[in-house]
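Peer 1: Submitted below is the structure of interest, expressed as structure tokens.
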Amino acid sequence: MIVNLQHSDKSSVRRHNLNHFKLRATLVIINNETINHLEDYREKHIDTITKQNYFLTKYLAQDLNATLQFRYVNTWGYRDPKTDRFSGMIGELQSDAADLGGTALFITTDRIKEIDYLSMTTPTRAKFIFRSPNLSVTDNVFLMPFNGSVWLCIISFIILSGILLLIIMKVELQCTNVRYGSGVRPNLMDAVMNMFGTSCQQGSYLEPKSLPSKCLILLSLIILMFLYASYSANIVALIQSPSHKIRTVEELLNSRLVTGVHDTVYNRYYFMHGTEPVRKAINEGKIRFVPLEKGMERVRQGLYAFHGELGVCYKIISETFQEDEKCGLQEINFLNMVDPYYAVQKNSSFRELVRLSLFRLREFGIQGREHTMLYSRKPPCNGGSSFIPVSIVDIWPALTLLGWGFGIAFGLLVGEKGFTRFRKRNRFSVYNGTFFKRSLN
């Protein structure tokens, strides 16, 4: 069915020709060089949102047969609590100095009362972007090769084998002529430590002498050799594996990742005015405002999360990252805001005309075309993964265990020395007391 709208009562449907009426549009330009590159698609990562909406505003004027007069400001605008007036582009719309907000902006509660939002013209988000850290950064890789049941079986095998070895050695001492050196008597601790050394491919000063004990040790060596080989291979693979455990803002706060934010006007405003506890903690403790190129370089080096506009960040990644460095990129949404909207004056007479024209630009693919020309997509992972050298972070659990071992051994040594001196003093005191009593008698 064909619907004829030629005689519609709505002027926004009937009127598509403004007869070269001059529309005033305000653009937000943060970098002064942007004025020289609004139409040549150069320096696309600088003021990208302004450049895309500049093209859409020009197409909008052509669709409505209107002319344009551009004005330039350096901020979207924030409310002054003293005058209750906005600065920047919103202030231009509020004071009737502009008809169109030529740069899309985010929706906030205080802005809704002053301007009319019409259409999402820039489908882009600002998020934290970072390379997935090594698995050793978030987990103890020395416990991950086997699950809990396998670890339980290994420990049980070592203890049971140690008990069986102790029984065999006891029987050897009583029923055979086998001896284990001068004054050496096998006990449970020695037997268990012997089996533990076997599991670690080490030896022990207690060597089995008879055929049953040798068969037990040989069988244990064969079984534990396969476990040792599997464990070592898994450790190497896990150290080279990326971690995907950092998925939320809270996990980012508790991680080892250093964070930075693209130094822009809107980022400074939203980050400095965060009220939610986790986000406020990130703002106060982990946020540093840095230039785009410096932030992305630190992302390339690893263990760094950078907050910026995704399309802009992906352009830098496509141009500067190696192929293997483009793999494992993760994103975390921080601001929790929808895409930016195109805006006009509050209750403007051009509201419906502009809204319908923007919808036509999106429907005909013009908006998508400009977005593709200016914004880069997430680069594909075509390079696989390269070999990652082992660092201190990877072996930190082993070093921690070694440190605890040294500390406990030193503590036991000091305790044994102190206990030995204490016993000697007691024996000397008892001997002197006994000798003194005998002298008196």
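Only the coordinates and a few stated rules stand behind these numbers; no lab work does. Only a predicted model underlies this, so the values are computations on that prediction, with no experimental measurement involved. Methodologically, a virtual Cβ is constructed for each residue, glycine included, from the backbone with ideal geometry; neighbour enumeration extends over all protein chains shown.
Peer 1: Which net charge results when you count Lys and Arg as +1 and Asp and Glu as -1 among the other residues whose beta-carbon is under 15 Å from that of ARG279? The partial results should precede the final answer.
Peer 2: Numbers: positive: LYS127, ARG268, LYS280, LYS286; negative: GLU250, GLU251, GLU276, GLU284.
Once positives and negatives cancel, what remains is 0.
Peer 1: Please give the calculated 222 nm ellipticity per residue for the chain, where each DSSP H segment of at least 4 residues contributes -39500 (n - 2.57) and the sum is spread over every residue; nearest 500 deg cm²/dmol? List each step's numbers first, then the result.
Peer 2: On the way: 16 runs with 215 residues, N = 441.
So the calculated ellipticity at 222 nm is -15500 deg cm²/dmol.
Peer 1: Put a dot 7 Å past each Cα toward the Cβ at ILE46 and LEU227; how far apart are the dots in nm?
Peer 2: 6.3
Peer 1: Determine the shape class of segment 28-160: with a ≥ b ≥ c the square roots of the Cα gyration tensor eigenvalues, call it rounded for a/c under 1.5, and otherwise prolate if a/b is greater than b/c, oblate otherwise. Could the numbers behind the result be given before it?
Peer 2: Values: a/c = 3.96, a/b = 2.75, b/c = 1.44.
It is prolate, given that a/c is not under 1.5 and a/b is the larger ratio.
Peer 1: Show the residues, 5+ positions off or on another chain, whose built amide H is closer than 5 Å to the amide H of GLU309.
Peer 2: none
Peer 1: With everything on Cα atoms, drop me the angle between helix 310-320 and the longest principal axis of the chain, reported from 0 to 90° to the nearest 10.
Peer 2: So the helix axis and the longest Cα principal axis differ by about 60 degrees.
Peer 1: Are there GluC sites (Glu not before Pro) in segment 307-365 that DSSP puts in a loop and that have at most 16 other Cβ atoms within 10 Å, and which ones? List each step's numbers first, then the result.
Peer 2: Working: sites: GLU309, GLU319, GLU323, GLU325, GLU331, GLU352, GLU363; in loops: GLU323.
Listed in order of number, the matching sites are GLU323.
Peer 1: Answer rounded, prolate or oblate for segment 46-119, using the Cα gyration tensor with square roots of eigenvalues a ≥ b ≥ c: rounded when a/c is under 1.5, else prolate when a/b is larger than b/c, else oblate.
Peer 2: On the way: a/c = 1.93, a/b = 1.74, b/c = 1.11.
Taking the square roots of the gyration eigenvalues as a ≥ b ≥ c, segment 46-119 is prolate.
Peer 1: Further question: Can you give the FRET efficiency to the nearest 0.05 for LEU399 and LEU218, using r as the Cβ-Cβ distance and R₀ = 25 Å?
Peer 2: Values: r = 34 Å, r/R0 = 1.34.
Calculated transfer efficiency: 0.15.
Peer 1: Let me ask something else. Read phi for every residue in segment 340-356 and hand back ³J(HN,Hα) as whole Hz from Karplus 6.51 cos²θ - 1.76 cosθ + 1.60, θ = phi - 60°, with x for Gly and Pro.
Peer 2: Values per residue, Gly and Pro as x: x, 10, 7, 9, 9, 4, 5, 6, 6, 6, 8, 4, 5, 4, 5, 4, 5 Hz.
Peer 1: Report the FRET efficiency, 1/(1 + (r/R0)^6), for LYS280 and LEU18, where r is their Cβ-Cβ distance and R0 is 30 Å, rounded to 0.05.
Peer 2: Working: r = 47 Å, r/R0 = 1.58.
Efficiency, rounded to the nearest 0.05: 0.05.
Peer 1: Next question, about the same structure. GluC sites (Glu not before Pro) within segment 34-128: which are DSSP loop residues with at most 13 other Cβ atoms inside 10 Å?
Peer 2: Values: sites: GLU39, GLU43, GLU92, GLU114; in loops: GLU39, GLU43, GLU114.
Counting only loop positions with at most 13 other Cβ atoms within 10 Å, the GluC sites (Glu not before Pro) in segment 34-128 are GLU39.
Peer 1: How much length, in nm to one decimal, is gained on full extension between THR83 and GLU250, taken as 0.36 nm per residue of separation minus their Cα-Cα distance? Kindly include the intermediate steps, with their values, before the conclusion.
Peer 2: Numbers: separation 167, 0.36 × 167 = 60.12 nm, distance 3.76 nm.
Difference between extended and current length: 56.4 nm.
Peer 1: Scan around THR259 for amide H atoms under 5 Å from its own, H built in the peptide plane at 1.01 Å from N, and keep only partners 5 or more places away or cross-chain.
Peer 2: So THR259 has HN proximity to ALA305.
Peer 1: Springs between alpha-carbon pairs under 10 angstrom, Gaussian network model over the chain: which of LYS326, LYS214, LYS378 fluctuates most?
Peer 2: LYS214
Peer 1: Then there's this: Taking every Cα atom in the chain, find the radius of gyration and the maximum pairwise distance Dmax, and write them in Å.
Peer 2: Just the Cα atoms of the chain yield Rg and Dmax of 37.1, 138 Å.
Peer 1: Can you list the residues, at least 5 places off or on another chain, whose amide H is less than 5 Å from the amide H of LEU100, using H built in the peptide plane?
Peer 2: HN-HN under 5 Å from LEU100: ARG24, ALA25, THR26.
Peer 1: Given the options ARG377, ARG85, ARG423, state which has the largest fluctuation in a GNM of the chain using a 10 Å cut-off (strictly under) for Cα springs.
Peer 2: Maximum fluctuation in the GNM of the chain, among the listed residues, is at ARG423.
Peer 1: So what J values fall out for segment 50-58 if you push phi through Karplus, 6.51 cos²θ - 1.76 cosθ + 1.60 with θ = phi - 60°, rounded to Hz, Gly and Pro as x?
Peer 2: Calculated HN-Hα couplings, in order: 5, 5, 5, 6, 5, 4, 5, 5, 5 Hz.
Peer 1: Continuing with the same structure: For LEU143 and VAL258, what is the calculated FRET efficiency with R₀ set at 22 Å and r taken between the beta-carbons, to the nearest 0.05? Let's see the in-between values first.
Peer 2: On the way: r = 26 Å, r/R0 = 1.19.
Taking R0 as 22 Å, the efficiency between LEU143 and VAL258 is 0.25.
Peer 1: Also: Can you work out the Karplus-derived ³J(HN,Hα) for every residue in segment 277-290? Use 6.51 cos²θ - 1.76 cosθ + 1.60 with θ = phi - 60°, whole Hz, and x for glycine or proline.
Peer 2: x, 5, 5, 5, 5, 5, 4, 7, x, 10, 9, 9, 8, 9
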